[in-house]
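Undergrad: Okay, handing you the structure first.
The values are calculated or read from the model by the stated rules, or taken from the named source; none is laboratory data. Model, not experiment: these values are computed from the prediction. With ideal geometry, Cβ positions are generated from the backbone for all residues, glycine too; neighbour counts draw on all protein chains shown. These accessible areas exclude ligands, DNA and RNA; they are computed on the full protein's heavy atoms, side chains included. Shrake-Rupley method; radii C 1.70, N 1.55, O 1.52, S 1.80 Å.
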Amino acid sequence: GTTRQVRSDLFVVRPDGREVYFEMKTVMPNRGTFEEMKRKMLMIMAMRHEFNAQAYAAMSYNPAGEGNVYFPEFNNYLEIGTDLLVGREFWSFIGDERTYDELLEIAQAVGEETTPLIAAASNR
């Protein structure tokens, strides 16, 4: 009987029709962030249970470096790889195994193109 509303940072419909919701956060979250993320994830899955929706916490990159295990401080609520997708694992989940590398290539190309423009603008 209670009306609830939850906003997700990213919503994806998988090719098989499954709904997937993501709570996106910075890689250096504060003390209450993980609890809040878990609460939102559980609420989304409860509200969308008839659609077999999934909800995850996600971080766009791994601050420990590619291939290293990330142990975020204050995390007592989310299991990395199960509830929390970090870096390559996140990008591969929403795309495929090439998505993360393609994203890095795009960022490199944009950086090479914009660096001279930024340098010129800062010299004005």
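Undergrad: Between a first residue in segment 84-103 that is over 11 Å from N62 (Cβ atoms) and among the aliphatic types (A, V, I, L, M) and a second residue that is open to solvent by 40 Å² or more (accessible area, probe 1.4 Å) and outside any helix (DSSP H, G or I), which pairs have beta carbons less than 8 Å apart while being 6 or more apart in sequence or on different chains?
TA: Every condition considered, the pairs that remain are I94/L10.
Undergrad: Give the number of residues within segment 46-78 that are of a type in the set (A, V, I, L, M, F, W, C), in contact with a strand residue (DSSP E or B) (Cβ under 8 Å, 6 or more places away or on another chain) and in contact (Cβ under 8 Å) with a residue 12 or more places away in the chain.
TA: 7
Undergrad: Report, by residue number, each residue of segment 103-124 that is surrounded by 10 or more Cβ atoms within 10 Å (Cβ to Cβ) and either touching a helix residue (DSSP H, G or I) at 6+ places or on another chain (Cβ under 9 Å) or not in a helix (DSSP H, G or I) (or both).
TA: Within segment 103-124, L103 is the sole residue that qualifies.
Undergrad: Restricting the search to segment 75-100, which residues are open to solvent by less than 60 Å² (accessible area, probe 1.4 Å) and among the acidic types (D, E)?
TA: Listed by number, the residues that qualify are D83, D96.
Undergrad: Exactly one of these conditions fails for N68: (1) open to solvent by 60 Å² or more (accessible area, probe 1.4 Å); (2) assigned to a helix (DSSP H, G or I); (3) farther than 23 Å from V12 by Cα. Give me its number.
TA: (2)
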